[in-house]
Amino acid sequence: MKLEEENERPCCTSSNSASIDFTNSESDPAEGQVEIMDSTRIRSSGNSLEVHHQDRRRSYETEKHLQMNGNHKQPAPEEKELSRKPLYTKSQWVTLFTLGLINFCEGVIISLQAPFYPAEAEKKGATATEYGLVFGVFELVVFLVSPIFGKYMTKIGTKFILNAGIFITSTCCILFGFLDKVPGRDAFVGLSFAVRIIQAVGEAGYMTASFTIIASAFPDNVATTFAALETCFGLGIIAGPTLGGALYQLGGFTLPFATLGSLLFVAACVTFFILPSPPDRKKS
């Protein structure tokens, strides 16, 4: 009996161990499934993070590319035509060259007599105040007469006032060169004032008409054209005393006025035939 009990006990123990092992073996698959699910979740979350990171990187690169190339869009056909359009047309270049040459000559004529006229006036007996007024009356008359030309510009005609002003200025410049032949102080000073005043009237007409032509012929580049013409006028003011003094040494009092007046007269003829007429304001 004891042997039977002893034989039964190991069986029981073995059965118990077997049962325990079985239970353990039954619990292992569940834990493995949990581990597999956890690892799958981790992998899926990792893949989603990686995909999200790649999407953000692509969006960043796309945004950077758009920022770099956003301003380099393909221009429209109209924009291409505007970009190919030259700064000035042929007619505008002719107008700019002609007015620039005349402005240079006008500047030279205004400052031409500065080196030698005072000495000539003192020879005639004129005082410094008198020949100083001969210089100053020019700008005073321009200041007073320019508004009048501006008021009647459309009635008289822009190109007519321009050409008439140039002809008057050039003619008075040539006449001014013969004042040294006039005897007496009073006649010399009086004629100097008269010629200078008439010359200033022509200068006022030319300046007012040239401003009108610039505004109508260069509607897109008015400031640039004004600056270019004022530069030519300033260069004439600078070069005038030097040219006047050199010509005075070569040929006396008459040569500077005759030379520059004739040059301006030729420029007036060129303007009359070449310079295009500005558009009519009423029609436009």
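Report, ordered by the first and then the second residue, all pairs with beta carbons closer than 8 Å, sequence separation of six or more or different chains, a first member in segment 193-209 that is over 11 Å from VAL137 (Cβ atoms), and a second member that is basic (Lys, Arg) and open to solvent by 10 Å² or more (accessible area, probe 1.4 Å).
What qualifies is ALA209/LYS159.
Mind listing whichever residues of segment 247-271 are hydroxyl-bearing (Ser, Thr, Tyr) and closer than 13 Å to GLY177 by Cβ?
TYR248, THR254, THR259, SER262
Under 8 Å between Cβ atoms, at least 6 apart or on separate chains: pull out the pairs that start in segment 145-160 with a residue that is within 19 Å of ILE198 (Cα to Cα) and touching a residue at least 12 places away in the same chain (Cβ under 8 Å) and end on any residue that is of a type in the set (Lys, Arg) and open to solvent by 90 Å² or more (accessible area, probe 1.4 Å).
none
Inspect all residues belonging to segment 118-137 and state whether any of them is within 13 Å of GLU203 (Cβ to Cβ), in contact with a Gly (Cβ under 8 Å, 6 or more places away or on another chain) and assigned to a helix (DSSP H, G or I).
No.
Could you identify the single residue in GLY184, GLY190 that is at pLDDT below 90, within 25 Å of LEU133 (Cα to Cα) and either touching a Gly at 6+ places or on another chain (Cβ under 6 Å) or open to solvent by 30 Å² or more (accessible area, probe 1.4 Å) (or both)?
GLY184
Just checking: which of the helices (runs of 4 or more DSSP H) contained wholly in segment 147-264 hold 3 or more residues that are among the β-branched types (Val, Ile, Thr) and touching a Ser or Thr at 6+ places or on another chain (Cβ under 8 Å)?
Helices (runs of 4 or more DSSP H) meeting the threshold: 158-176, 185-217.
When only residues in segment 229-252 that are small (Gly, Ala, Ser) and open to solvent by 40 Å² or more (accessible area, probe 1.4 Å) count, which is farthest from TYR88 (Cα to Cα)?
Filtering first and then ranking leaves GLY251.
Search segment 193-225 for residues being among the polar types (S, T, N, Q) and crowded, with 19+ Cβ neighbours inside 10 Å, and hand back the single one that is modelled with the highest pLDDT.
So, considering only residues that are among the polar types (S, T, N, Q) and crowded, with 19+ Cβ neighbours inside 10 Å, the one modelled with the highest pLDDT is GLN199.
Would you mention how many residues in segment 115-144 are surrounded by fewer than 19 Cβ atoms within 10 Å (Cβ to Cβ) and basic (Lys, Arg)?
Number of matching residues: 1.
Among the candidates THR154, THR171, which residue alone is under 41 Å from the mean Cα position of the chain (by Cα), at pLDDT 90 or above, β-branched (Val, Ile, Thr) and open to solvent by 20 Å² or more (accessible area, probe 1.4 Å)?
After applying the criteria, what remains is THR171.
The values are calculated or read from the model by the stated rules, or taken from the named source; none is laboratory data. Here the structure is a predicted model, which is why all the values come from computation and not from measurement. We place every Cβ from the backbone using ideal geometry, glycine too, and count neighbours over all the protein chains shown. Side chains are part of the model used for accessible areas, which takes the heavy atoms of the whole protein and leaves out ligands, DNA and RNA. Shrake-Rupley method; radii C 1.70, N 1.55, O 1.52, S 1.80 Å.
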